[in-house]
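A.B. asks: Below you'll find the structure I mean.
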Amino acid sequence: MNYVTGECLDSNEDGHLYSLECNGGPYQLWTASGSGAVALTDSATGLCLDSDGSGSAYTRTCNNGSTQQWQVAYQSGTRTFVNVASGKCLDTDSSTTYIFTGTCSGSGGPTQRWR
């Protein structure tokens, strides 16, 4: 759940990623695997959270590549996810459902923090 919006990270079978009101559905359940950097897999689709250097975030077939690896930083009960390949943080636009990766804001800007 995003710290600012209160919405959950969601996806669909087409690889689109967005935030929606939390509903506990399988498309909002993510499994972290790995040590150090983790891969995040959507429970409903089996696809991994992925990103490119331009700031796009989406899900794709899991491949263990660095674009699907995320460092997790913990702060005051929240997490910031930093993409290993780009060094950018998982982020959301607080006025839309848009999910992207953006320049990390110090210890994690409010929209870059997840519970």
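A.B. asks: Out of all the residues in the range 97-115, is one or more of a type in the set (D, E, K, R), modelled with pLDDT of 95 or more and outside any loop (DSSP other than H, G, I, E, B)?
C.D. replies: Checked the range 97-115: no residue is of a type in the set (D, E, K, R), modelled with pLDDT of 95 or more and outside any loop (DSSP other than H, G, I, E, B).
A.B. asks: From the residues in the range 1-32 that are of a type in the set (Phe, Trp, Tyr) and part of a strand (DSSP E or B), which one is surrounded by the most Cβ atoms within 10 Å (Cβ to Cβ)?
C.D. replies: So the residue we want is Trp30.
A.B. asks: For Ser86, all conditions in the list (1) surrounded by 12 or more Cβ atoms within 10 Å (Cβ to Cβ); (2) out of contact with any Lys or Arg (no Cβ under 6 Å at 6 or more places or on another chain); (3) part of a strand (DSSP E or B); (4) not acidic (Asp, Glu) hold save one; what is the number of the exception?
C.D. replies: (3)
A.B. asks: Another question, if that's okay. Are any residues in the range 51-80 touching a helix residue (DSSP H, G or I) at 6+ places or on another chain (Cβ under 8 Å) and touching a residue at least 24 places away in the same chain (Cβ under 8 Å), and if so, which ones?
C.D. replies: Across the range 51-80, the qualifying residues are Ser51, Asp52, Arg60, Thr80.
A.B. asks: Under 6 Å between Cβ atoms, which residue pairs at least 6 apart in sequence (or on different chains) link something in the range 90-111 that is within 13 Å of Ala57 (Cα to Cα) with a partner that is modelled with pLDDT of 95 or more and charged (D, E, K, R)?
C.D. replies: The qualifying pairs are Phe100/Asp91; Thr101/Lys88; Gly102/Lys88; Gly102/Asp91.
The values are calculated or read from the model by the stated rules, or taken from the named source; none is laboratory data. Predicted model only: the values in this text are computed from it and were never measured. All Cβ positions, even for glycine, are placed from backbone atoms using ideal geometry, and neighbour counts span all protein chains on display.
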